[in-house]
1. Looking at region 396-403, can you tell me whether even one residue there is at pLDDT 55 or above and surrounded by 15 or more Cβ atoms within 10 Å (Cβ to Cβ)?
2. Does R296 satisfy being within 16 Å of ligand 1 (Cβ to nearest atom) and either more than 25 Å from the chain's Cα centre (by Cα) or open to solvent by less than 50 Å² (accessible area, probe 1.4 Å) (or both)?
3. Applying the selection to region 208-236, what residues are closer than 16 Å to S251 by Cα and open to solvent by 60 Å² or more (accessible area, probe 1.4 Å)?
4. Taking only pairs six or more apart or across chains, which ones have beta-carbon atoms under 8 Å, a first residue in region 356-381 that is open to solvent by less than 40 Å² (accessible area, probe 1.4 Å), and a second residue that is among the charged types (D, E, K, R) and within 16 Å of ligand 2 (Cβ to nearest atom)?
5. Being in contact (Cβ under 8 Å) with a residue 40 or more places away in the chain, in contact with a Pro (Cβ under 9 Å, 6 or more places away or on another chain), within 16 Å of ligand 1 (Cβ to nearest atom) and of a type in the set (S, T, N, Q) is true for just one of T311, T326, T239, T284. Which residue is that?
6. Which of the residues spanning region 245-259 are within 16 Å of ligand 1 (Cβ to nearest atom) and either surrounded by fewer than 19 Cβ atoms within 10 Å (Cβ to Cβ) or outside any loop (DSSP other than H, G, I, E, B) (or both)?
7. Could you say whether any residue in region 210-233 is within 16 Å of ligand 1 (Cβ to nearest atom) and among the polar types (S, T, N, Q)?
8. Please enumerate the residues belonging to region 276-296 that are within 16 Å of ligand 2 (Cβ to nearest atom) and either among the basic types (K, R) or not assigned by TED's automatic domain parsing to the domain that holds F265 (or both).
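The values are calculated or read from the model by the stated rules, or taken from the named source; none is laboratory data. As the structure is a computational prediction, the values presented were derived from the model and not from experiment. All Cβ positions, even for glycine, are placed from backbone atoms using ideal geometry, and neighbour counts span all protein chains on display. Just so you know, the surface numbers come from the protein's heavy atoms only, side chains and all, with ligands and any DNA or RNA stripped out. Shrake-Rupley method; radii C 1.70, N 1.55, O 1.52, S 1.80 Å.
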Amino acid sequence: MAAARILVVDDEKSARDALKAILTDEGFEVAEAADGEEALALMPSFMPDAVLADVRMPKLDGLAFMRRCREEGHGAVFVMMTAFASIEAAVEAMRAGAESYLVKPIDVSSVLVVLEKALEKRTLQRDADSLRARLHERYRFHSIIGDSAELQAVFDVVKRAAPTKATVLILGESGTGKELIGQAIHEESPRKDKPFIKVNCAALSESLLESELFGHEKGSFTGAIGRREGRFELADGGTLFLDEIGEIAPSIQIKLLRVLQQREFERVGGEQTIKVDVRLVAATNKDLAAEVKAGRFREDLFYRLNVVAVTLPPLRGRRGDIPALTAHFIEKYAKSYDKDIRGLAPGTLNALLSHDWPGNVRELENVVERAVVLAVGHDLTADDLPPTLRGPRPRDRAAGSLIPGATLHEIEREAILRTLEMVSGSTSRAAEVLGISVRKIQYRLKEYADLANGVAVPSHEVAASADPAGPLAVADVTRP
Ligand SMILES: Nc1ncnc2c1ncn2[C@@H]1O[C@H](COP(=O)(O)OP(=O)(O)OP(=O)(O)O)[C@@H](O)[C@H]1O
Ligand SMILES: [Mg+2]
């Protein structure tokens, strides 16, 4: 095993020299710094396992140095060194997360004992870090978070389509992550080191969009002072992401069709034909097929764009992503607002799981950011959520309005259907939550469907002869 690395930080050279000699003798790899700033600069390259830091130092003192290391994500355990007179500072350091402290003058045996303990702690910490990193990996595709089967299916299509040159059309409601998918397609492609150029087609007027996309020649219109390259030229060799493609005017639809067919175009007011090698990715929250039917979008262009379609389901259709997304946004905003938030108080996840999220992931991100800002303790509570999410929990609501006068059978039905909704239709997960068998859920579902279809069914327990392999007896009801 490689020797543990120790960083010694002290403004007193004689103290550093003595410690360095002792620790090197013991077989540690040692680096030294004369103050917090110098030490901070060493952290990324030396990556110490433990830091021995004096509390009182010029520039950046020991405590501030430790905080900066935490902020920048350097993992190391800290042992603070202090003169007897400033024991209080050492106590403060312990409160701020230091592992231990040593009182100066330092004796050899206590340094070694304290360091050994600290290094043990570091090993545990490192195991936990790598576990967390692995968890993150499983839920992450580029910067896209989520572990629902629905999102995994999207990732599968993206992974297969990305390496090709095929045009990709990304469909989905606002806030579902279409832009992130566009970026991931680029990053997964052999073009990843070439430009990724974005154009928001809804943000520009017809004529501005035209010159934005194709460029213009000097004097081609009032204000065209010089020649300007368009986004197609800038994206040469790379990927062009056309956002809100459903909004483009008919005249631009024709031009776009030509680029897609012939890979060539002219600048506005120009004669010269320009050839480009551009991979096109387009996105829209409109139902483009319906736009075609309504005569607002060219059918030929639609087919050219729709070579590979990626449809991002709305968040309410993949509630399984909510826990991982929430954890991700808590981490993100706790960091940016410098707050020590660790998770959710009991009941809060339920409120998040049962909301309908018309604004999708963007709305969830806003809700979590707001909650992080408002939170007083280490956990987000229902009080930190906007009023629309706070109301009574649906399960309570359902039970509350149902119990007086409802039959057990009706209550069971409500419980099964609501639970299924919360777990994105996975009968196995619903069975786990409710503490009943998958078979029973499947049988009940068939029963509810039969009832809805007017087929008479007995309402007593599952009969041995009941056929759970009926049309609904698949593992996951809402998934194909
Ligand atoms: N799966 C996800 N993981 C992490 N962040 C996400 C995810 N999906 C969306 N987001 C975040 O939600 C916000 C909205 O995502 P994005 O801009 O990609 O949505 P969109 O579908 O393009 O929306 P619009 O149609 O309104 O442009 C962004 O801040 C994005 O980072
Ligand atoms: Mg977008």
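1. Within region 396-403, the first condition is being at pLDDT 55 or above, and the residues that meet it are 402-403.
Okay, now just the ones that are also surrounded by 15 or more Cβ atoms within 10 Å (Cβ to Cβ), so 402.
Yes, region 396-403 has at least one match.
2. No, not satisfied.
3. The one that is closer than 16 Å to S251 by Cα and open to solvent by 60 Å² or more (accessible area, probe 1.4 Å): L208.
4. Partner pairs satisfying both residue conditions: W357/E363; N360/E173.
5. Within the list T311, T326, T239, T284, the selection yields T239.
6. First, pick out the residues of region 245-259 that are within 16 Å of ligand 1 (Cβ to nearest atom): 245-248.
Answer for region 245-259, where residues must be within 16 Å of ligand 1 (Cβ to nearest atom) and either surrounded by fewer than 19 Cβ atoms within 10 Å (Cβ to Cβ) or outside any loop (DSSP other than H, G, I, E, B) (or both): I245, G246, E247.
7. Checked against the condition, which is being within 16 Å of ligand 1 (Cβ to nearest atom) and among the polar types (S, T, N, Q), region 210-233 yields no hits at all.
8. K286 - this is the single residue of region 276-296 that is within 16 Å of ligand 2 (Cβ to nearest atom) and either among the basic types (K, R) or not assigned by TED's automatic domain parsing to the domain that holds F265 (or both).
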